[in-house]
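Taking it in order: structure first as structure tokens, then the write-up.
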């Protein structure tokens, strides 16, 4: 029989943090409702954060639609809602701290150049170039050792670039093996963090002072989030977040990565494909109680 998680100690703070770049679907509903159930069971708080750093895709209209869907589900989020686009200064300061510590560098290479290097490597070595947990080719880091003057000249000229974490240098600053606790039903399970699998991840771009990894890690700390409950597809990213927490001196929340809702083809639901959008289900006459049954929530914080 599943047991309720142990909520002893200080008041717990949960958050639901979708990106308003499309319509919410059943997968989002599972995450939002599970966070709400766990917050209620613990007597804790529930925050809503909209991760809208991609201002080209995250429009005000989509924000409004998302808020309407969540209000219809009846989830009691605290006000105000945090919009990442209004807090770019927070991310800029964190990036500057990492830059000052010599842990990030401007990367000018393109995806095409990375593919070309990977192809040459495979021809020469007879094995594929390594990929990160999302399947992307690891950045080769050829510009990691550029002289400071050359970096400044290329940046000043307006050359497109990203700010990447120097993974080797970052891991060299960590004195102990990194790990985090994965919570579910019952006792927590210690999970070793493996940030090196991601290589030199992007933390910001020339036109955007943050990336998902940096923004989500910093926001959880700034908002006092104690429990991060999100989909299993984000479990590998936790290794990067754990490293950033260590580098920036941030607290480490508890983690719980729940099952995904899959489409009929076995793939995870996607906003871009319009899979089982809540707005469409609402128009079709479904109720919030129907949604709870459709995502398989059997009780407060329990997943069958």
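The values are calculated or read from the model by the stated rules, or taken from the named source; none is laboratory data. Quick caveat, the model's predicted, so the values are computed rather than measured. In this analysis, Cβ positions are derived from the backbone assuming ideal geometry, glycine residues included, and neighbour counts consider all displayed protein chains.
Looking at 104, 81, which is the one that is within 19 Å of the chain's Cα centre (by Cα), within 30 Å of residue 225 (Cα to Cα) and in contact (Cβ under 8 Å) with a residue 12 or more places away in the chain?
81 is the lone residue from the list that is within 19 Å of the chain's Cα centre (by Cα), within 30 Å of residue 225 (Cα to Cα) and in contact (Cβ under 8 Å) with a residue 12 or more places away in the chain.
Please name all residue pairs, on different chains or six or more residues apart, with Cβ atoms under 7 Å, provided the first residue is in region 238-264 and is without any contact (Cβ under 8 Å) to a residue 24 or more places away in the chain and the second residue is in a strand (DSSP E or B).
Cβ pairs passing all conditions: 262/268.
Looking only at region 43-53, filter to residues that are free of Cβ contacts under 8 Å to residues at least 40 places away in the same chain and either surrounded by 23 or more Cβ atoms within 10 Å (Cβ to Cβ) or in a loop (DSSP other than H, G, I, E, B) (or both); which one of those is nearest to the chain's Cα centre (by Cα)?
52
Take the conditions buried (at least 20 other Cβ atoms within 10 Å of the Cβ), within 27 Å of residue 168 (Cα to Cα), modelled with pLDDT of 95 or more and in contact with a strand residue (DSSP E or B) (Cβ under 6 Å, 6 or more places away or on another chain) and apply them to residue 242. Does it pass?
yes
Mind telling me which of the residues 206, 215 ends up being within 24 Å of residue 20 (Cβ to Cβ), touching a residue at least 24 places away in the same chain (Cβ under 8 Å) and more than 16 Å from the chain's Cα centre (by Cα)?
206
Would you check if there is a residue in region 5-13 being farther than 17 Å from residue 185 by Cβ and at pLDDT 95 or above?
Checked region 5-13: at least one residue is farther than 17 Å from residue 185 by Cβ and at pLDDT 95 or above.
Quick check, is residue 62 farther than 20 Å from residue 225 by Cα and in contact with a strand residue (DSSP E or B) (Cβ under 6 Å, 6 or more places away or on another chain)?
no
Testing residue 27 on (1) modelled with pLDDT of 95 or more; (2) buried (at least 21 other Cβ atoms within 10 Å of the Cβ); (3) within 17 Å of the chain's Cα centre (by Cα), one condition comes back false. Which one is that?
Among (1) modelled with pLDDT of 95 or more; (2) buried (at least 21 other Cβ atoms within 10 Å of the Cβ); (3) within 17 Å of the chain's Cα centre (by Cα), residue 27 violates only (1).
Quick check on my filter: what residues within region 56-73 are more than 15 Å from residue 288 (Cα to Cα), surrounded by fewer than 18 Cβ atoms within 10 Å (Cβ to Cβ) and without any contact (Cβ under 8 Å) to a residue 40 or more places away in the chain?
Across region 56-73, the qualifying residues are 56, 57, 59, 60, 61, 64.
Out of 215, 179, 193, report the one residue that is under 22 Å from residue 229 (Cα atoms) and out of contact with any strand residue (DSSP E or B) (no Cβ under 9 Å at 6 or more places or on another chain).
215
Mind checking which helices (runs of 4 or more DSSP H) fall wholly inside region 86-191 and carry at least 1 residues that are closer than 30 Å to residue 52 by Cβ and out of contact with any helix residue (DSSP H, G or I) (no Cβ under 9 Å at 6 or more places or on another chain)?
88-100, 111-125, 148-156
Going by the conditions given, is residue 151 more than 22 Å from residue 216 (Cβ to Cβ) and either in contact with a strand residue (DSSP E or B) (Cβ under 6 Å, 6 or more places away or on another chain) or touching a residue at least 60 places away in the same chain (Cβ under 8 Å) (or both)? Please lay out each step first, then the result.
Numbers: more than 22 Å from residue 216 (Cβ to Cβ): yes; either in contact with a strand residue (DSSP E or B) (Cβ under 6 Å, 6 or more places away or on another chain) or touching a residue at least 60 places away in the same chain (Cβ under 8 Å) (or both): yes.
Yes, satisfied.
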